[in-house]
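A.B. asks: Quick one: the structure is below, questions incoming.
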Amino acid sequence: MAKDLPEKQRQTILCEITTRERYNKVRDEFVEYLKEKGCDDVEVAKKLRGEIMVKMAELKKISAYGKLNEAKEFIHQVIDSGEKLIVFVIHHVIVDELKKEFPKAVTVTGRDNTDQKQASIDGFQNNPEVKLIICNIKAAGVGITLTASSRVAFIEYPWTYSDCVQCEDRAYMSGQKNNV
């Protein structure tokens, strides 16, 4: 099937995060914390891994907040040009911030029930007025079709590359006529 589809094209937009000072502070505290732990003990190492994940998630959230101004500008450019756009994020707070800026957007997140998710997907796929769908990577990364758009944006990246590819493939499937 993939050989019959137009090729994917990836573009990375680098942006200076507006939360740089806060991000650097948390990052520096994180590095200091790791240095203090000098963990040879197996039990301490197990606990440390859990704390590392929490701290890394907080850094990801701070980074996402810092990208929001440029992300909103990019989203406006795409939808104001008449194109539809699929935006993937991790954190619900980022979904909430985007919904404030784009109240007509539909969502597919873990907070939406099955009927709400399907109504959002159907609206995005079939209603030319619905230009933006905001998706949580876990809730919308597999099993749905969003071929109404060939544009996919990530404000936050998933932990694994394969999750990223799965999200992209919501638009890159049978029925897609354009490069994704």
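The values are calculated or read from the model by the stated rules, or taken from the named source; none is laboratory data. Keep in mind it's a predicted model, so treat the numbers as computed, not measured. We place every Cβ from the backbone using ideal geometry, glycine too, and count neighbours over all the protein chains shown. SASA here: full protein model, heavy atoms, side chains in, ligands and nucleic acids out. Shrake-Rupley method; radii C 1.70, N 1.55, O 1.52, S 1.80 Å.
A.B. asks: Quick one: pull the percent of accessible area on the chain belonging to carbon and sulfur, 1.4 Å probe, ligands and nucleic acids left out.
C.D. replies: Within the chain, the accessible surface is 50 percent carbon and sulfur.
A.B. asks: Filter 72/131; 8/67; 25/61; 84/117; 67/99; 99/131 down to the pairs with a C-alpha to C-alpha distance above 19 Å, please.
C.D. replies: From 72/131; 8/67; 25/61; 84/117; 67/99; 99/131, over 19 Å: 8/67.
A.B. asks: At 1.4 Å probe size, with every protein chain present, just tell me what the per residue accessible area of the range 85-180 comes to in Å².
C.D. replies: Per residue, the range 85-180 has 47 Å² of solvent-accessible surface.
A.B. asks: Separate question: Report the extension gain between residue 138 and residue 80 in nm, rounded to one decimal, defined as 0.36 nm multiplied by the number of residues separating them, less their alpha carbon distance.
C.D. replies: Full extension of this stretch gives 18.1 nm more.
A.B. asks: Using only Cα atoms, figure out Rg for the range 110-153 and give it as a multiple of 2.2 N^0.38 Å.
C.D. replies: Relative to the rule-of-thumb radius for its length, the range 110-153 sits at 1.08.
A.B. asks: Taking 0.36 nm per intervening residue step and subtracting the Cα-Cα distance, what contour gain separates residue 54 from residue 92 on full extension?
C.D. replies: 12.1 nm
A.B. asks: Using a 10 angstrom Cβ neighbour count of at most 10 plus a DSSP loop assignment to flag exposed GluC sites (Glu not before Pro), which longest range of the chain is free of such sites?
C.D. replies: Longest stretch, sites excluded: 17-128.
A.B. asks: In terms of modelled amide H atoms, which long-range or inter-chain residues lie less than 5 Å from the amide H of residue 107?
C.D. replies: Close amide H contacts, sequence-distant or interchain: 134.
A.B. asks: Over the chain, what is the relative contact order in whole percent, taking alpha-carbon pairs under 8 Å and six or more residues apart?
C.D. replies: Reported relative contact order: 27 percent.
A.B. asks: Still on this structure: Considering only C-alpha atoms, what is the centroid distance from the range 49-103 to the range 153-174, in Å?
C.D. replies: 14
A.B. asks: I've got another one for you. Please tell me the relative contact order of the range 88-180 in percent, rounded to the nearest whole number, where contacts are Cα pairs under 8 Å and at least six residues apart.
C.D. replies: 31
A.B. asks: May I pose another question? For the range 60-159, build the charge dipole from Cβ charges (+1 Lys, Arg; -1 Asp, Glu) around the Cα centre, then report which of 87, 76, 142 sits farthest towards its positive end.
C.D. replies: In the range 60-159, that residue is 142.
A.B. asks: What is the extension gain from residue 29 to residue 99, computed as 0.36 nm multiplied by their sequence separation minus the C-alpha to C-alpha distance, in nm to one decimal?
C.D. replies: Length difference between fully extended and current span is 22.0 nm.
A.B. asks: While we're on this one: Under the rule of -39500 (n - 2.57) per DSSP H run of 4 or more residues, summed and divided by the residues of the chain, what mean residue ellipticity at 222 nm is obtained, to the nearest 500 deg cm²/dmol?
C.D. replies: When only DSSP H runs of four or more count, the value is -17000 deg cm²/dmol.
A.B. asks: Give or take rounding to whole Å, what are the principal axis extents of the alpha carbon atoms in the chain, in descending order?
C.D. replies: Principal-axis extents of the Cα atoms in the chain, largest first: 56, 34, 32 Å.
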